[in-house]
Amino acid sequence: MADKDVEVTEAASANGTAPGPAEPVAAPQAEQSDLAQPEIAQPESGKSEIVRPEAGQPDPGRRRSWRIAAALGAATVVLGGFGVWATVHANSERSSAAAQNTALTDGPATAAVRRQIAAAVNTIFSYNYANTAATRRAAQGLLTGPAVRQYNTLFALVTKNAPAQKLIVTTRVTNTGVEMLNGDRARLLVFANQQDTRAGTSQTSYAGAMFAVTALRQGGRWKIENIDTFSR
């Protein structure tokens with residue numbers, strides 16, 4: 001290799017040209033990578049167009065997903081906060097109602113309303129076909145408000161049918177439960193047995209009844225304000 005370099009140098013000297021620096025050889029260009037440039041696939045018939053985002057540009061699909069996730073997160077926070085508020089509010093309402101309901105804390109008052117309402121039910125729902133007017137008169141002093149109209153409508157049928165069937169009805173309250181007692185107002189669940197006898201035939205039948213009563217204390221005495229027979 002040294003002899004050849006000497007010959008080249010001598011040839012250059014003979015021609016009057018001095019050897020210059022070697023020309024740089026350009027390196028072959030590397031093929032462009034698919035990831036370096038965006039690739040846009042031309043849509044074909046029946047195919048969707050696929051567009052790859054340019055390098056460094058955010059993916060619109062990812063931005064949309066992030067916004068949806070953020071919105072759902074905000075909704076969860078709002079609903080969670082409302083759930084906490086609703087729970088606290090409901091507990092407060094129940095606590096307030098429990099504080100006003102003295103059915104379990106005022107024994108004498110609870111016993112009084114139970115006793116007086118049981119006696120009233122026994123009176124207004126017991127009658128003799130021979131003198132239904134006496135029952136109706138007694139009932140007027142034990143009823144108040146809407147119960148007066150309710151009872152008069154019901155007892156009109158008794159007045160019409162009892163004499164023809166010669167009915168004698170005896171009602172006995174077997175149990176009462178005070179659901180609510182708040183001052184001069186109360187609500188009770190009443191259980192009663194009824195005995196129906198047809199005069200002259202000695203035919204007797206028995207039936208049970210359950211209904212709710214709203215009571216109002218007037219002049220120191222409990223009266224029936226509304227009767228709910230659960231027939232609706």
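Readers should treat all values here as calculations from the given coordinates under stated rules, not as data from a laboratory. Because the structure is predicted, anything quoted here is derived from the model rather than measured. Here the Cβ positions follow ideal geometry from the backbone for every residue, glycine too, while neighbour counts run over all protein chains shown.
Could you give the length gained by full extension between residue 182 and residue 202, i.e. 0.36 nm per residue of separation minus their alpha carbon distance, to one decimal place?
2.7 nm
Can you tally the net charge around residue 125? Count Lys and Arg as +1, Asp and Glu as -1, for every other residue whose Cβ sits under 13 Å from the Cβ of residue 125.
Net of charged neighbours comes to +1.
Could you rank the peptides 172-183, 214-225, 118-129 by their average count of other C-beta atoms within 10 Å per residue, with the highest value first?
118-129, 214-225, 172-183
Output the relative contact order of segment 107-228, whole-number percent, from Cα pairs under 8 angstrom with separation of 6+ residues.
Dividing the mean separation by the residue count of segment 107-228 yields 27 percent.
Against the globular-protein guess of 2.2 N^0.38 Å, express the Cα radius of gyration of segment 107-228 as a ratio, rounded to two decimals.
Working it through for segment 107-228, the quotient is 1.08.
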